[in-house]
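Q: Take this structure first; my questions come after.
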Amino acid sequence: MALFRSYVRNLPHWRSDGSCYFVTFRTHRDQPELRYGERSFLVETLLSNANRLYALDAYVVMNDHVHVLVRPGDRIQLEKLVHSWKSFSTHELQRVWGRRGRVWQREYFDRIVRDEAEWLEKMAYIAHNPFKRWPECGGYRWVSPREWETGSRET
């Protein structure tokens, strides 16, 4: 039986060891859209410790938000993982790209992916997110997996 833990900041956060999570975090309302190079940098940030500290099933970096489907490794707390992505990227976005002030909203959304059907739904949502916003875009380089199939995967 899985042990559930929860805490609340502005949004509720439920935790269960070994779970897959759908996570979303947004730029601060005072920030301009993320530019081409900044999106590429964010992808590099997400991939930097993938397969070592966490499994990254999917991601999309949009112009004002990021969606991630992630499985934290043993003894890795999701809130610390998200904090590391946001704090590292904030530092670099300020230093390299000259952003000022708060880059990300303080809070983020996360949800435990409960089963394979929900995993498939979240994968499709992530893969198609750019095309819902920009239907005319032929390809989008800041989404993975790019060629998504509806094959099954354990959650």
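Q: On a straight-distance basis, which aspartates and glutamates could pair with Lys86 in a cross-link, Cα separation under 12 angstrom, same-chain partners fewer than 8 positions away excluded?
A: The reachable aspartates and glutamates, counting only those whose Cα sits under 12 Å from Lys86, are Glu107.
Q: Which whole-Hz couplings ³J(HN,Hα) result when phi for each residue of the stretch 16-31 is put into the Karplus expression 6.51 cos²θ - 1.76 cosθ + 1.60, θ = phi - 60°, listed in order with x for Gly and Pro?
A: 8, 3, x, 8, 9, 10, 9, 10, 10, 9, 10, 5, 5, 4, 8, 8
Q: Which value in nm describes the separation of the simple spin-label points at Asp30 and His83, placed 7 Å from the Cα toward the beta carbon?
A: 2.3 nm
Q: Something else now. For the chain, compute Rh as the Kirkwood radius over C-alpha pairs and then the Stokes-Einstein diffusion coefficient at 20 °C and 1.002 mPa s; write the answer in µm²/s, rounded to an integer.
A: The Stokes-Einstein estimate is 132 µm²/s.
Q: Next question, about the same structure. What share of the DSSP beta bridges in the stretch 13-144 is antiparallel, in percent to the nearest 5?
A: On the way: 21 of 22 bridges.
Beta bridges within the stretch 13-144, antiparallel portion: roughly 95 percent.
Q: Which ³J(HN,Hα) values in Hz, rounded to whole numbers, follow from the phi angles of the stretch 73-80 under the Karplus curve 6.51 cos²θ - 1.76 cosθ + 1.60, where θ = phi - 60° and Gly and Pro get x?
A: Using θ = phi - 60°, the values come out as x, 4, 6, 9, 7, 4, 4, 6 Hz.
Read-outs: derived from the displayed coordinates by stated rules, not from any lab. Just so we're clear, the structure is a prediction, and the values are computed from it rather than from any experiment. Positions of Cβ are generated from backbone atoms using ideal geometry, with glycine treated the same way; all protein chains shown enter the neighbour counts.
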